[in-house]
Amino acid sequence: MDILSGYNREKSNLVSILQAFQHELGYLPEDIILRVADYLRISPATVYSVATFYPRFKFVPSGKKVICACRGTACHVRGGGRVLREIEKQLGIKAGETTPDMEYTLETVSCMGACVLAPAMMVDDEIHGQMTPAKVSEVLDGE
Amino acid sequence: MNEISLNIDGRKVTAKPGMTVLEAALENGIYIPYLCYSPDLKPHGGCRLCIVEIEGMEGMPTACTTPVAECMVVRTSTPDIDDVRCNILELILADHPLDCLTCVKNQRCDLQKVAAYLGISERILPHNDRNIPVDDSNPFFKIDRNYCILCQKCTRTCDEITCANAIEVISRGYESRIGTFGDKPIMESNCQSCGECVVSCPTAALTIKESAVPAYEVETTCPYCGVGCGMYLGVRNGKIVAVRGSDSKANSGKLCVKGRFGIAGYVHSEERLRSPLIKKNGKFVEASWDEALSLIAEKLSSYPKEQVGIISSSRCTNEDNYVAQKFCRLVLGTNNIDHCARLCHAPTVAGLAQTFGSGAMTNSIEDISEADCIFAIGSNTTEAHPVIGMNVKQAVRRGTKLIVADPREIDLVRFADIWLRHHPGTDVALLMGMIKVIVDGKLHNIDFIKERCENSEAFMESLKSYDIDFVERITGVPREQVIAAARMYAAGNPSSILYTLGITEHSHGTDNVIAIANLAMVTGNIGKRGSGVNPLRGQNNVQGACDMGALPNVYVGYQSSTSPETKKKFEAAWGGNLSIEKGLTTPEMFNGACDGTFKALYIIGENSVLSQPNSNHVIKALSSLDFLLVQDIFLTETAQLADVVLPAASFAEKDGTFTNTERRFQRVRKAIEPVSGSLADWEITCRIAEAMGGKGFDYENTSQIMDEIAALAPCFGGIKYERLESGGLQWPCPNADHPGTPILHTKQFACGKGKLTPLKYRPSEELPDADYPLILTTGRRLFHYHTGTMTRKTEGLNIFMGRERVQINPADAAKLGLNDDDAIKVISRRGEVEAGVEVTRVVPPGVVYMTFHFAETPTNMITSCAVDPVTQTPEYKVCAVKIEKSVCL
């Protein structure tokens, strides 16, 4: 696998390698975890332990687009909850789920560091600030 | 070392430098509450309950992570500290069931202990019932996360002690839990089921399924492999209900899956023999001891003495073996006694005796981990000697270099710096090639060779035939790896070699052992801690069976049976005439039986039908005997062929000693009464001896037998039961004041100078060809032992591995159209056996791997008759086979 050949077998490369696979595949399938474990000569459980600590690592395939609603304090007081409910309504899924057509995955995050734009949401890597429920369809349609 | 004095709660106490405050307090009898501390693990500082106040330090440092310092003033309990502790405990209790009275850990629970200390009387925070399903997939223990307090002692044990890392903390925050890869049931993980995590758990999150609080415990020695782990058998109402590791030097409290969970299943098996059996008209009939003994006495007396013999047992005690060889030599009048070391480490005894003068492990288990470099060749340590395997892995974690030489990708490979995947049977070329690299690179220890060894000129000259082209071609190992391994081993100061049957079970097994001895001598890796040539013995007391003289060429203590002086000495001691003729080895007895020159055999605790190579020949030999007497705890495949079968007591039912792989005499203590109708092996042999008119078999107990051993064998002269009470003794131990010998050959070799020995590479006898294109190599798996007579009585071990699955490389499997669990026939020139398939890259293309654990797949039907010419040890590790798909299994 090309990704592995870019790293030496130091255990300290674990998170970087997982990030590379997450980026490439959108999630970390079991066979990849086993391969990474084998490559770094650590137990698969250890790799899994590290991977499950970070919310960015997924273990099931995500939708083509990952929608992320912020539930941080600033977003909360400025109506982030309503925005989230509207996204859930429009996509027909709850936070943490993926649409059956594998188009969208909806996630929440404790803070995306864009408090000045609260309430904020993110579509893949693009932040949309000062959201309202009314703007949700605009953002989703625009994608 | 200077002691440190400090003040804890107003008491002046002393501590050793490097101790933590918690250790200092506990050692001085001052309790500080804790949940995550264990003396066997690195300080963790996770539970925060051991917080203390230390003058001059800010805040509340954890006692388990704070080293002691001179004049330190520590307070372990103040209102502020206890307030914080109560808060922590209340948070834990919010999630924890309060069903203490009906909990299996009641009164043995650390959480309970801490709650009592803090005076917790009610749950203050709202209860949150976690309701997590119990994982009871493992047959021996269950995981109930509702009781888990996330102290991480289990995961740290699985990391630091066993180095398996099967369980870890997964997820984060409130979702954190102990889990496996993929959060699957523990049975689907790489858990080795050693149970160390269960032992470490302070609550009822990890508990043994079938266990009860014992009424009493007896310390004894494990009956499985040669590590010789100390263990406590917990007994209640005559039954073994619990097993735990004891703090013996061999195992420091650790046990493996077989020792911890595989004892009661066979000791209390319904299949245990309970009466002597005599075969009448082809059927076994129960008989009284008197009837059986008089028949045996009559039969054994009726043949010329050279036509009678004994196969003794590596599983029996030293005392059993001593009495067996005394009976053989004194009463039967012959040196025809042998045991299963013939099948395993006889080349070690021969090869090391020839080069060093003593054929045993040179160093101790505890100093292996002090090596700078460990070279494991032909040793699947983690499966065959699991507790030593843990030590090796721990050493690697601490920075020891590891070289593994094995055709199979064994578990240790994952920990190795260099893995030499040589072709089976090419060890001499590999080892001598490494020596040539070392000498050519001037990495050899010239002083050591000059002072301690002889024959170096001829030896150095002989290395010419091992140039790297030849070595690479023969072994299949790329030259860079051979060179790197040689340099790594030579650079290690010190370096230790571990090996087992991958070295000895070849038609050139003795040569392999000598090659290893050469490598150690050339680099001076002998006679100091962390170095040495360390053959790991396979069975619990195979070292002892050799030591006790259950061999045709030596009496107890390796005194030659063909020396007139020795003969005279033993004739005087035992009061009778002895033979000076060298006795027959096991293969010679079997060959003699087949051609009618050997008539009667007494087999003690050995299942030859499954353990010897080419079983058809063994069955023919045993069936051709006029009289076969088998003494065992079960009606084994071998016992079924007997004329008379005698019921023996198991290790749990008798006193005695086992000698483990590091030459350590350790006590075996009677924990329960023998199964009704059975007797200890030595008692049975004594009764037979007396029935035949033998004198000197009226021992009252095994301690008397040991005294006789000590009186007759100079190297065991100081072994006495009283001295074995604290930790055992390693021979040589010549007198009552001698402390035992942890390391051999420290000043000079047992034979004076070490003999560097030129060797010629010889290929294995039976190599693959067009008709039989695959190499079969055999060995053990973790969950079973030898021919399975003991381990297969434990249902849980059968759940882990219930039948033979032949390991085959995916490339070969594809050629043959085989998938996992397909039924196949493995066929050699000597026969065929049926088995299942495991397709795996563990074996290289062209090689298949089988065990001899399963009577349903008697692998030794097909193994080769080729033997090592020096010791007649069979070539179990290499023979040619072909594989066909079966229609059904």
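The values are calculated or read from the model by the stated rules, or taken from the named source; none is laboratory data. If you're wondering where the values come from, they're calculated on a predicted model, not measured in any experiment. With ideal geometry, Cβ positions are generated from the backbone for all residues, glycine too; neighbour counts draw on all protein chains shown.
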The conditions are (1) within 19 Å of B:Lys654 (Cα to Cα); (2) outside any helix (DSSP H, G or I), and B:Lys279 fails exactly one of them. Which is it? (1)
Which of the residues belonging to region A:8-23 are free of Cβ contacts under 8 Å to residues at least 24 places away in the same chain and either surrounded by 15 or more Cβ atoms within 10 Å (Cβ to Cβ) or among the polar types (S, T, N, Q) (or both)? A:Asn8, A:Ser12, A:Ser16, A:Ile17, A:Ala20, A:Phe21
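Out of curiosity, is B:Ile672 more than 25 Å from the chain's Cα centre (by Cα) and within 27 Å of B:Leu646 (Cα to Cα)?
no
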Given (1) more than 27 Å from B:Thr162 (Cα to Cα); (2) assigned to a strand (DSSP E or B), where does B:Arg342 come up short, assuming only one miss? (2)
Would you be able to say whether some residue in region B:199-210 is closer than 30 Å to B:Gly46 by Cα, facing chain A (nearest Cβ under 10 Å) and buried (at least 23 other Cβ atoms within 10 Å of the Cβ)? no
In region B:611-646, which residues are more than 24 Å from B:Gln539 (Cα to Cα), in a strand (DSSP E or B) and out of contact with any helix residue (DSSP H, G or I) (no Cβ under 7 Å at 6 or more places or on another chain)? none
Which of the residues that make up region B:119-171 are in contact (Cβ under 8 Å) with a residue 60 or more places away in the chain, under 24 Å from B:Arg414 (Cβ atoms) and either assigned to a strand (DSSP E or B) or within 12 Å of chain A (Cβ to nearest Cβ) (or both)? B:Gln152, B:Thr162, B:Cys163
Exception for B:Asp821 within (1) modelled with pLDDT of 90 or more; (2) surrounded by 16 or more Cβ atoms within 10 Å (Cβ to Cβ); (3) not in a strand (DSSP E or B) falls at (2)
Residue satisfying all of: in region B:638-648; among the hydrophobic types (A, V, I, L, M, F, W, C) and surrounded by fewer than 24 Cβ atoms within 10 Å (Cβ to Cβ); nearest to B:Ala855 (Cα to Cα) among these: B:Leu641
Within region A:44-94, track down each residue that is part of a helix (DSSP H, G or I), away from chain B (no Cβ under 14 Å) and over 23 Å from A:Ala118 (Cα atoms). none
Inside region B:215-244, can you point out the residues that are touching a residue at least 24 places away in the same chain (Cβ under 8 Å), within 30 Å of B:Ile132 (Cβ to Cβ) and of a type outside the set (Val, Ile, Thr)? B:Ala242, B:Arg244
Matching residues, region B:253-286, being of a type in the set (A, V, I, L, M), in contact (Cβ under 8 Å) with a residue 40 or more places away in the chain and within 30 Å of B:Ala689 (Cα to Cα): B:Val267, B:Leu273, B:Leu277, B:Ile278
Which one is nearest to the other protein chains (Cβ to nearest Cβ) among residues in region B:419-456 that are part of a strand (DSSP E or B) and within 26 Å of B:Tyr876 (Cα to Cα)? B:Trp419
Filter region B:1-53 down to residues that are charged (D, E, K, R), over 36 Å from the mean Cα position of the chain (by Cα) and not in a strand (DSSP E or B), then give me how many there are. 3
All positions within region B:565-577 that are closer than 20 Å to B:Gly309 by Cα, touching a residue at least 60 places away in the same chain (Cβ under 8 Å) and either in a helix (DSSP H, G or I) or touching a strand residue (DSSP E or B) at 6+ places or on another chain (Cβ under 9 Å) (or both): B:Phe570, B:Trp574
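Looking only at region B:183-198, count every residue that is closer than 16 Å to B:Pro133 by Cβ and facing another protein chain (nearest Cβ under 9 Å) and tell me the total.
1
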Pull out all pairs, ordered by first then second residue, where Cβ-Cβ is under 8 Å, the residues are six or more apart or on different chains, the first lies in region B:540-564 and is farther than 17 Å from B:Trp574 by Cβ, and the second is in a strand (DSSP E or B) and charged (D, E, K, R). B:Leu551/B:Asp338; B:Pro552/B:Asp338
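From B:Ala250, B:Ala297, which residue is assigned to a helix (DSSP H, G or I) and touching a helix residue (DSSP H, G or I) at 6+ places or on another chain (Cβ under 9 Å)?
Unique residue meeting the criteria: B:Ala297.
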Any chance region B:421-434 includes a residue that's closer than 24 Å to B:Asn540 by Cα and touching a strand residue (DSSP E or B) at 6+ places or on another chain (Cβ under 8 Å)? no
Tell me, please, whether a residue that is buried (at least 16 other Cβ atoms within 10 Å of the Cβ), over 20 Å from B:Arg85 (Cβ atoms) and not assigned by TED's automatic domain parsing to the domain that holds B:Lys153 can be found in region B:14-34. yes
Of those in region A:24-43 that are surrounded by fewer than 17 Cβ atoms within 10 Å (Cβ to Cβ), part of a helix (DSSP H, G or I) and touching a helix residue (DSSP H, G or I) at 6+ places or on another chain (Cβ under 9 Å), the residue nearest to the other protein chains (Cβ to nearest Cβ) is A:Glu30
Some residue of region B:94-114 being part of a loop (DSSP other than H, G, I, E, B) and of a type in the set (S, T, N, Q): yes
Which listed residue, of A:Gly92, A:Gly79, A:Gly96, is in contact with an Asp or Glu (Cβ under 9 Å, 6 or more places away or on another chain), at positive phi and surrounded by fewer than 17 Cβ atoms within 10 Å (Cβ to Cβ): A:Gly96
Can you run down the residue pairs with Cβ atoms below 9 Å, 6 or more apart or on separate chains, where the first is in region A:78-89 and closer than 15 Å to A:Glu107 by Cβ and in the same structural domain as A:Val109 (by TED's automatic domain parsing) and the partner is small (Gly, Ala, Ser) and assigned to a helix (DSSP H, G or I)? A:Gly80/A:Ala74
Among the residues of region B:254-282, what is the count of those that are of a type in the set (Gly, Ala, Ser) and either in the same structural domain as B:Pro39 (by TED's automatic domain parsing) or more than 22 Å from B:Leu797 (Cβ to Cβ) (or both)? 2
In region B:385-418, how many residues are among the polar types (S, T, N, Q) and either free of Cβ contacts under 8 Å to residues at least 24 places away in the same chain or within 14 Å of chain A (Cβ to nearest Cβ) (or both)? 0
Would region B:465-472 turn up any residue that is of a type in the set (S, T, N, Q), surrounded by 18 or more Cβ atoms within 10 Å (Cβ to Cβ) and either assigned by TED's automatic domain parsing to the domain that holds B:Phe375 or at pLDDT below 95 (or both)? no
Where a residue in region B:342-357 is under 15 Å from B:Ile377 (Cβ atoms) and its partner, wherever it lies, is among the acidic types (Asp, Glu) and assigned to a helix (DSSP H, G or I), with Cβ under 8 Å and at least six apart: B:Gly351/B:Asp511
